[in-house]
Amino acid sequence: MAIEKTFSIIKPDAVERGLIAEILKMITDTGLKVKAMKLIHMDRPQAEGFYAVHKERPFFNELVEYMISGPVVVSCLEGENAIEKYRTLMGSTNPADAAEGTIRAAYGIDIQNNSCHGSDGPDTAKIEVAYFFNDDELVG
Ligand code: CMP
């Protein structure tokens, strides 16, 4: 199976509740490696640009407000089948539907305050990693 990179955000609701370490442990317990990581507080243009694909959705403005409401942890993760592996670990977008043992089942509050984000495919992963990290910020 291919070694892939994916992009992760530990979202404001999780950072605010002191859950960075718990979520990182769940991530690294799957065998995924952290290639780059930083704590940032996004500004509005940065959040709007990141979620531009959702611009026409009714929840877009609320989503941007939420994503700039507090700090987040952005990271680039690497490993075998990293994109699918991390999506499985996150669980369904709506925590109410998320399988037991997933991040969103454990910590998600509702469909917006769902604690984490992960890339949905290889093209998105490349774009999202590059949105927050320069090549020289990735270790190895
Ligand atoms: P994420 O995986 O980051 O992708 C887009 C985000 O929009 C999603 O997680 C949720 O935080 C949010 N989102 C998706 N659907 C809805 C919805 N129906 N209502 C509010 N927020 C949503």
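Most mobile of 77, 63, 32 per a Gaussian network model of the chain (Cα springs, under 10 Å)? Largest GNM mean-square fluctuation: 63. Ordering 19, 76, 118 by Cα displacement along the dipole of the chain toward the positive end leaves 19 in first place; charges were set at the Cβ atoms of Lys, Arg (+1) and Asp, Glu (-1). Among 75, 115, 92, the ranking by other beta carbons within 10 Å of each residue's beta carbon, starting with the fewest, stands as 92, 75, 115. Helix-only arithmetic for the chain: the sum of -39500 (n - 2.57) across DSSP H runs with n ≥ 4, divided by the residue total, places the mean residue ellipticity at 222 nm at -10500 deg cm²/dmol. Taking 0.36 nm per residue of sequence separation and removing the Cα-Cα distance, the residue 81/residue 109 pair yields an extension gain of 7.3 nm.
With neighbours defined as other Cβ atoms within 10 Å of a residue's Cβ, the residues 90, 26, 1 order from fewest to most as 1, 26, 90.
Based on the alpha-carbon gyration tensor of the chain and its eigenvalue square roots a ≥ b ≥ c, which shape applies: rounded if a/c is under 1.5, prolate if not and a/b is larger than b/c, or oblate? Rounded, since a/c falls under 1.5. Summary of the geometry: the stretch 2-31 and the stretch 48-115, compared by the centres of their Cα atoms, lie 10 Å apart.
Once you have a ≥ b ≥ c as the square roots of the Cα gyration tensor eigenvalues for the stretch 61-140, tell me rounded if a/c is under 1.5, and otherwise prolate or oblate according to whether a/b is larger than b/c. The shape class here is oblate.
With K and R counted +1 and D and E -1, the other residues having a Cβ less than 15 Å from that of residue 69 yield a net charge of -4.
All of the numbers you see were taken from the coordinates with simple rules; none came from a lab. Computed from a predicted structure; not experimentally measured. Quick reminder, even Gly has a Cβ in these numbers, built from the backbone with ideal geometry, and neighbours come from all protein chains shown.
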